[in-house]
Amino acid sequence: GKHDAPMMAKRLLDKGVKIDALVSSPAKRAKRTAQAFAEVLGINKDQIILLEEIRQLIHQTQGEITEEIKWGFPVFAKGKDFAYLRFSKKHITLGFYNVQKIKDPDKLLEGEGNTLKHIKIKTKADIKEKIITRWLKEITG
């Protein structure tokens with residue numbers, strides 16, 4: 001409950017357990033538990049909100065997709081993996097697979113690979129919704 005979640009998070013922290021990701025169902029109690037863990041672990045609440053906004057954008061743009069935790073972070077697929085989200089204390093990374101399908105004339109995507117690139121999102125203003133929506137449609141189209 002309210003008291004157990006912070007206590008359990010502190011125990012994990014004290015034992016040196018490395019948390020790669022916090023995953024929660026949309027249920028209110030589950031979200032509160034995840035938020036309690038995040039607070040004890042020093043994860044910025046704004047980053048959690050930002051991550052959820054990006055997730056919603058991906059789901060709204062793509063419709064019928066799957067979302068799984070792979071390699072410790074959410075990966076989105078429509079038959080094949082097309083995007084992932086990674087969380088850090090300073091930013092959210094939105095990565096794309098098969099980037100050769102994406103048109104990026106402004107060179108917003110980072111990374112040296114031919115098939116995998118990403119953008120770093122630090123604030124809500126960094127979410128270039130029209131561009132990200134276009135990229136998501138290009139990559140799965």
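The values are calculated or read from the model by the stated rules, or taken from the named source; none is laboratory data. Just so we're clear, the structure is a prediction, and the values are computed from it rather than from any experiment. Using ideal geometry, Cβ is built from the backbone for each residue, glycine included, and neighbour counts are taken over all protein chains shown. Side chains are part of the model used for accessible areas, which takes the heavy atoms of the whole protein and leaves out ligands, DNA and RNA. Shrake-Rupley method; radii C 1.70, N 1.55, O 1.52, S 1.80 Å.
The condition of being at pLDDT 85 or above, under 30 Å from Glu138 (Cα atoms) and among the polar types (S, T, N, Q) holds for only one of Gln60, Gln47, that being Gln60. Taken over the range 83-94, the residue count meeting the criterion of being small (Gly, Ala, Ser) and surrounded by 14 or more Cβ atoms within 10 Å (Cβ to Cβ) is 1. Taking the criterion of being aliphatic (A, V, I, L, M), part of a loop (DSSP other than H, G, I, E, B) and open to solvent by less than 40 Å² (accessible area, probe 1.4 Å), the residues of the range 95-141 that qualify are Ile102, Leu109, Ile127. Residue count for the range 16-71 under the criterion of being farther than 15 Å from Lys89 by Cα, touching a strand residue (DSSP E or B) at 6+ places or on another chain (Cβ under 8 Å) and either in contact (Cβ under 8 Å) with a residue 24 or more places away in the chain or among the aliphatic types (A, V, I, L, M) (or both): the result is 7. Checked against the criterion of being of a type in the set (A, V, I, L, M, F, W, C), open to solvent by less than 50 Å² (accessible area, probe 1.4 Å), farther than 20 Å from Val99 by Cβ and in a helix (DSSP H, G or I), the range 22-31 has at least one qualifying residue.
Scanning the range 69-94 for residues that are closer than 20 Å to Ile131 by Cβ, assigned to a strand (DSSP E or B), of a type outside the set (Lys, Arg) and within 12 Å of the chain's Cα centre (by Cα) returns Phe76, Ala83, Tyr84, Leu85, Ile92, Thr93, Leu94.
Residue under question is Lys10, and the condition is that it be modelled with pLDDT of 85 or more, over 14 Å from the mean Cα position of the chain (by Cα), loosely packed, with under 14 Cβ neighbours inside 10 Å and of a type outside the set (A, V, I, L, M); does it hold? Spelling it out, Lys10 is indeed modelled with pLDDT of 85 or more, over 14 Å from the mean Cα position of the chain (by Cα), loosely packed, with under 14 Cβ neighbours inside 10 Å and of a type outside the set (A, V, I, L, M).
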